[in-house]
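Trainee: Can you read through this structure? Questions will come right after.
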Amino acid sequence: MNKIKFSEGGQPVYLDDLQLLQDNDTSAMAALVKMLGNGENVFLFQKGGWDVIEQDESGVTVLIKAGTVIANGEFLSWEDTNLQVPYNMMEEPVYLCINTVEADRRQFDDGQERPCRIARKVHISQDNTGAAEYYNYLELPVLSDLVKQMVGIKEPESWQQITAHFFNGYSGTIKYKELGDCYRVRVDIRSNSKATIDGSILLFATDKTFLQYFRSSCEAYVRTGNGVIGGQLLGFEGNVRLDIQLPFDDASCPADVPVRIVFELPK
């Protein structure tokens, strides 16, 4: 690393000196952050999150919460962003777009105006047109996970996403962990369908082997006007139903029956 040598006697100062100070600071931060990021150049400062605002037949409107991405040693932040996404958010990329903006134009001695500031700005979008850099927000690693990798901390268990085709307006996440002697499955889905249904509710279909034929070891509970009612998840040839007979109490459609359950299936 080069440093400025300071001497008495009225040392002249040039823009190159300021450039050296800026470059030293930038390169030192980039090296530190890259080390903490286990060699990755672009990653999220912390885990992102989103809230579902509304659902309709065209998809789901989500609020992607404000956050920070670390890109090549620079910390760049974005604001809360609303997006219209498919029911299965993982089907299409959500882009984190980065652009460089020049500002603070000043008049120089030669009579020309030139920008004297450079700002890096980031925003979330489903369209990466015009972005100087862009990354799939849903696939970016997170700093905390990268640090664990760097120091050799291994997570004994991790949730894996299950690809599924949803029915009756349902959307959400279906995940599993593979344990020593069983699979632990977590279902967190809800529907926007107001269509009246008689009988059990078809939730989704999947080709995951251990979900072809099963009966959940516990029940998913649904709150009603008269308390709660529970039902097991049943799998037959990969089609998964909730064994609750509609209508009951004040529930007559899938939108009245969100499904949240964690259960285990033996191997």
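The values are calculated or read from the model by the stated rules, or taken from the named source; none is laboratory data. Predicted, not measured: the structure shown is a model, and the values here were computed from it. No Cβ is skipped: glycine too gets one built from the backbone with ideal geometry, and neighbour counts run over all protein chains shown. These accessible areas exclude ligands, DNA and RNA; they are computed on the full protein's heavy atoms, side chains included. Shrake-Rupley method; radii C 1.70, N 1.55, O 1.52, S 1.80 Å.
Trainee: Restricting to the range 167-204, give me the number of residues that are under 13 Å from Arg260 (Cβ atoms) and either open to solvent by 50 Å² or more (accessible area, probe 1.4 Å) or among the charged types (D, E, K, R) (or both).
Mentor: Here the count works out to 5.
Here's the yes/no breakdown for (1) modelled with pLDDT under 90; (2) within 20 Å of the chain's Cα centre (by Cα):
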{"residue": "Asn88", "(1), (2)": "yes, yes"}
{"residue": "Cys97", "(1), (2)": "no, yes"}
{"residue": "Gln112", "(1), (2)": "no, no"}
{"residue": "His123", "(1), (2)": "no, yes"}
{"residue": "Ala132", "(1), (2)": "no, no"}
{"residue": "Asp145", "(1), (2)": "yes, yes"}
{"residue": "Val151", "(1), (2)": "yes, no"}
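Trainee: Something else about it: Hand me the list of strands (runs of 3 or more DSSP E) wholly inside the range 182-267 holding 3 or more residues that are more than 12 Å from Tyr170 (Cβ to Cβ). Working first, answer last.
Mentor: Working: elements: 182-191, 199-205, 213-215, 220-224, 227-231, 233-236, 239-246, 259-266.
Those strands (runs of 3 or more DSSP E) span 182-191, 213-215, 220-224, 227-231, 233-236, 239-246, 259-266.
Trainee: Next up: Return the residues of the range 159-181 that are among the hydrophobic types (A, V, I, L, M, F, W, C), within 23 Å of the chain's Cα centre (by Cα) and in a loop (DSSP other than H, G, I, E, B); say none if nothing qualifies.
Mentor: Our first condition is that a residue be among the hydrophobic types (A, V, I, L, M, F, W, C); within the range 159-181, this holds for 159, 162, 164, 166-167, 174, 179.
Adding the requirement that they be within 23 Å of the chain's Cα centre (by Cα) leaves 159, 162, 164, 166, 174.
Matches in the range 159-181: Trp159, Ile162, Ala164.
Trainee: Can you find a residue in the range 130-153 that is over 16 Å from Ile64 (Cβ atoms) and part of a strand (DSSP E or B)?
Mentor: yes
Trainee: For the range 1-52, how many residues meet the condition of being of a type outside the set (A, V, I, L, M), assigned to a helix (DSSP H, G or I), in contact (Cβ under 8 Å) with a residue 12 or more places away in the chain and under 20 Å from Phe75 (Cα atoms)?
Mentor: Adding up the residues that qualify gives 4.
Trainee: Considering only residues that are open to solvent by 50 Å² or more (accessible area, probe 1.4 Å) and more than 20 Å from Asp207 (Cα to Cα), which ones fall in the range 219-242?
Mentor: Matches in the range 219-242: Glu219, Tyr221, Arg223, Gly225, Asn226, Val228, Ile229.
Trainee: Report, by residue number, each residue of the range 9-49 that is basic (Lys, Arg) and surrounded by 12 or more Cβ atoms within 10 Å (Cβ to Cβ).
Mentor: Lys34 - this is the single residue of the range 9-49 that is basic (Lys, Arg) and surrounded by 12 or more Cβ atoms within 10 Å (Cβ to Cβ).
Trainee: Looking at Gly67, is it open to solvent by less than 80 Å² (accessible area, probe 1.4 Å) and at pLDDT 85 or above? If you could, list the steps in order and put the result at the bottom.
Mentor: Numbers: open to solvent by less than 80 Å² (accessible area, probe 1.4 Å): yes; at pLDDT 85 or above: yes.
Yes.
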